1. What are the lysines whose alpha-carbon lies under 25 Å from the alpha-carbon of residue 352, with same-chain residues fewer than 8 places away excluded?
2. Out of every Cα pair in segment 119-181, what percent are spaced more than 16 Å from each other?
3. List, largest first, the extents of the alpha carbons of segment 230-358 along their principal axes, each in whole Å.
4. By the scheme Lys and Arg +1, Asp and Glu -1, what is the net charge of all other residues having a beta-carbon under 15 Å from that of residue 73?
5. If you place +1 on the Cβ of every Lys and Arg and -1 on the Cβ of every Asp and Glu, how big does the dipole about the Cα centre of segment 144-186 come out, in debye to the nearest 20?
6. For the chain, would you read off the P(r) tail past 28 Å as a percentage of all alpha carbon pairs?
7. Any idea what the dipole of segment 199-292 comes to, in debye rounded to 20, about its Cα centre with Lys/Arg Cβ at +1 and Asp/Glu Cβ at -1?
8. Can you list residues whose amide H is under 5 Å from residue 277's amide H, if they're 5+ apart or on another chain and H is modeled 1.01 Å from N?
Amino acid sequence: MRTFLICILSSLFLASAAFADETERLKSQLEAAGENRRELLTALEKIPEDEREGLVFLIENMPERDLRSLTADYLLENCSLAYRAWREAPWKEKAPKEIFLNEILPYACVNEKRDNWRKDFYERFSPLVKDAKSASEAATILNQKVFAIVNVKYSTARPKADQSPIESIEAGIASCSGLSILLIDACRAVGVPARFVGTPRWSDNSGNHSWVEIWDNGWHFTGACEPTDNRLNDAWFVGRAAGAKRDDRMYAIYASSFRRTPLSFPLVWDRRNQDVAAVNVTDRYTNLGKPIPEGHKQIYFRVTSGQRERIRADLKLFDASGAEIWTGVSNDERFDANDHAGTPLKIGEKFKVEARHGDQTATAEFEVAAEGKNVVDLTLPPNAK
């Protein structure tokens, strides 16, 4: 086995200027694989020469749980289909090799169960984007169509946060994390570079969120199962993301990376897990949202029934004189749990908000404080639907 390993490593890196360093990384990973090393060596032996770099990238960067469990067949199929999708994509020349390796080739986004999703997703979703001319166009098409095809919708009642694609499809529901994983894998299956993005907590302490970034001559974002027609870089959370804090691990925004980095992705559902690498992308988001006027604070409105389910209701906002100053519509359970209608209001002033659903109404009076709560709750009777 030692002779076989040396031969494999020599053939992999003989022409590489970084031969010694890369060989040591790969050797270290193979040793960490334990008894599963045979599977990895089999994959290295059988991989086509023009896909070898990709397999080596995966082995060098995968977490120990994968080193000890993934089979040769799984890795070989993943590489074959990833390279096929990349080569077929009209936007291939705009997706550098480094982007392919880190955002198309990987078989997982974060710490989800390792499903064999790529073949099924390629067969089901590549016809949807056969006429797409860009990765951006393909991504918006997938976001509009994939979730209806697999019959998965948003719900916080999902079995767990970090669902794999198959787990979400079997459950029929997923939260923002599971939806993001599903859309990312759909994108990767057809050659669209995509990655998992999120924040452990919004800077106003209103919750956390996960979403998707895709590469098309730069990174662009979209909410999974939250399409905004054919547009990217437009989502309900833009204003909140603009308040992120780049140097605070709790309030920064991160993108996952399969390639090892000095940072780990803060998995809010598994805080001890340090296996998922990350990059801090906060700066791009803090420059996006519309600035809140000086002396104002963003206030959100949540309308629920007696069962505490959010419902859709017409909103009217009045100032202290009784003048109507804003109207909107509250979000129901089809929307992310932290996605509420809202508007900037002047700190220190008093307001009244009215929610109307059919012939039922609820009102609340409040004063905007510089610190503390920024969500105003209104409760309609239990029979409001």
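1. Within the straight-line cut-off, residue 352 pairs with 290, 297, 316, 373, 385.
2. Values: 902 of 1953 pairs.
Tail of the P(r) past 16 Å holds 46 percent of the pairs.
3. 56, 37, 33
4. Around residue 73, the surrounding residues sum to -1.
5. Values: 4 positive and 4 negative charges, 34 e Å.
Its charge dipole is roughly 160 debye.
6. On the way: 37962 of 73920 pairs.
That tail contains 51 percent of the Cα-Cα pairs.
7. Numbers: 12 positive and 11 negative charges, 66 e Å.
For this selection, approximately 320 debye.
8. Correct list: 257, 265.
Each value in this text was obtained by applying a stated rule to the coordinates, not by laboratory testing. The structure presented is a predicted model; accordingly, all values stated were derived computationally and were not measured. Using ideal geometry, Cβ is built from the backbone for each residue, glycine included, and neighbour counts are taken over all protein chains shown.
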